[in-house]
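Student: Mind looking over this structure? Questions follow.
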Amino acid sequence: MAAFLDLCRFVASAGGTTDWTYSSTVSPYISPTDAGAVNGRVYKVRAESVDLTQWEVSEGAYTSAGAGSFARTTVLYNSAGTGTLQSGAGSKISFTAAPQVWVVASKRDLISIEEANSFTAGQKTQARSNIGAQADLGCTPANKAGDTMTGRLDTPAAGSGPITRTSGTLDSVQVYGVSSDGFAGVTFHVQAVFASHFGMKSDGNYYMGGWSHGATSYKFWTTKDFASLAAIATSGSAGDLASGTVPAARLPSGSRVLLNTLTASNSANLQDTSSFTSAYKRYEIEIQNLVPVTNSVFCRLRVQSGGSFQTTSYVSANTHSSGSVGGANASTAEIPLTTTATGAVNTSSLGVNGILDLLGDPTGTNSVKTFFGRMVYNSAFGQLIAGFWNNTAAITGIQLDFSSGNISSGTVKIYGIVP
């Protein structure tokens, strides 16, 4: 498309096939300079001889240098019928004398609402600027057929209600997918590193996959999936499952399920009165570096029953060895976890470590509940432990402490063992 000038008509400096250089103004019209011709802008001009036997319509850029001239870059029409819009080669007419030249407009330079128009990207940008389209919108319009955002896209709150609403009211952004694809999603792309699709499939579940993952997808498991497992869990509730607790019934036999962690910090004792239920028939007590405040005291375990920790009626024995020296001891007031003779030292790196198993349903009342374990302490001492509280009543908890003084540091973990 070419630009327009008002009332611009002049006599060229020469004929022939040269560009049209201004020589004089044809009265009562005005010169290109007075009409406001812009250097480098494209115009259409018509040149004609006095007797009208030679004429030409051409298009070219205006050069303001010197007297000012219009290039005859493309000849659209001419008196010889060889213009580009006459199915010709677009050859220039060789005028026998200097013609009159004036700036004209053609159908192609005018916007018509009656028919399709063809514009370049630059012309479209200029048109939007001319009518203030970008200012009115507050942004540069995106191409709905595909575009690239160069900044952040913020949307207002939809104000259409909570996520649990059952109506089809849309939120501020909708990611749409057709049923034949079976997927509505978006793509996340760390350029030149990794890319993945994420969205909802026709089964109503969310997935990620494809592209860098290859031809595979991964389902996101949610509380919707786990809720149905709550009924078969041997412990826990739907709330536990929502927080990530895996139902014990889904674990293979022999798996450890962490029930509690007890941490000492100059503590009189460590107690657990909540983990021992009918959920498991075997429990494991893991002791990690229990260090006494007082030197050479022994570590012991007592059980809770009937709301109190028992201090009598224990049947226990342990066998200990330090390589060259061995021995055994027993107690009825507790189950000793270290030798009562030597005891544990109050050195932070030489605490009591070991595993103690509770065998049998702690809530049962038909038999005693047996403890069996092995301990290492004082760097060189190893000990095997066996014992029980000689009563068939239910056990509801345990307590670990030292025979004198507090527990400086250390950890005890309580596990249920999946049957």
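The values are calculated or read from the model by the stated rules, or taken from the named source; none is laboratory data. For clarity, every value in this text was computed on a predicted model and none was experimentally measured. With ideal geometry, Cβ positions are generated from the backbone for all residues, glycine too; neighbour counts draw on all protein chains shown.
Student: State which residue is modelled with the lowest pLDDT when the search covers only region 199-218 and only residues that are hydroxyl-bearing (S, T, Y) and assigned to a loop (DSSP other than H, G, I, E, B).
Tutor: S202
Student: Further question on the same structure: Can you tell me which residues in region 269-287 are out of contact with any Phe, Trp or Tyr (no Cβ under 8 Å at 6 or more places or on another chain) and not in a strand (DSSP E or B)?
Tutor: Within region 269-287, N269, T273, S274, T277, S278, A279, Y280, K281 meet the criteria.
Student: Can you say whether L85 is under 22 Å from L7 (Cα atoms) and under 60 Å from the mean Cα position of the chain (by Cα), as far as the supplied structure shows?
Tutor: no
Student: State whether one or more residues within region 389-396 are farther than 18 Å from F309 by Cβ, surrounded by fewer than 17 Cβ atoms within 10 Å (Cβ to Cβ) and among the aliphatic types (A, V, I, L, M).
Tutor: no
Student: A further question follows. Output yes when any residue across region 314-336 is closer than 16 Å to I287 by Cα and of a type outside the set (K, R), and no when none is.
Tutor: Yes: one or more hits.
Student: State yes or no: is V101 touching a Ser or Thr at 6+ places or on another chain (Cβ under 8 Å), under 16 Å from W20 (Cβ atoms), crowded, with 16+ Cβ neighbours inside 10 Å and not polar (S, T, N, Q)?
Tutor: Taking the combined requirement at face value, the residue does not satisfy it.
Student: Scan region 1-43 for residues that are among the β-branched types (V, I, T) and more than 20 Å from S91 (Cα to Cα) and jot them down.
Tutor: Matches in region 1-43: V11, T25, V26, I30, T33, V38.
Student: Then there's this: Out of the residues in region 112-138 that are farther than 19 Å from A3 by Cα and surrounded by 11 or more Cβ atoms within 10 Å (Cβ to Cβ), state the one that is modelled with the lowest pLDDT.
Tutor: Among those that are farther than 19 Å from A3 by Cα and surrounded by 11 or more Cβ atoms within 10 Å (Cβ to Cβ), it is Q134.
Student: Taking the condition of being over 23 Å from T84 (Cβ atoms) and over 59 Å from the mean Cα position of the chain (by Cα), how many residues in region 35-67 meet it?
Tutor: Number of matching residues: 6.
Student: Continuing with the same structure: Between a residue in region 260-273 that is assigned by TED's automatic domain parsing to the domain that holds V303 and any residue that is basic (K, R), which pairs come within a Cβ distance under 6 Å, given they are 6 or more apart or on different chains?
Tutor: Listed by first residue and then by second, the contacts come to T261/K413.
Student: Could you check region 312-419 for strands (runs of 3 or more DSSP E) lying wholly inside it with 1 or more residues that are of a type in the set (K, R) and modelled with pLDDT of 90 or more?
Tutor: 370-377, 407-417
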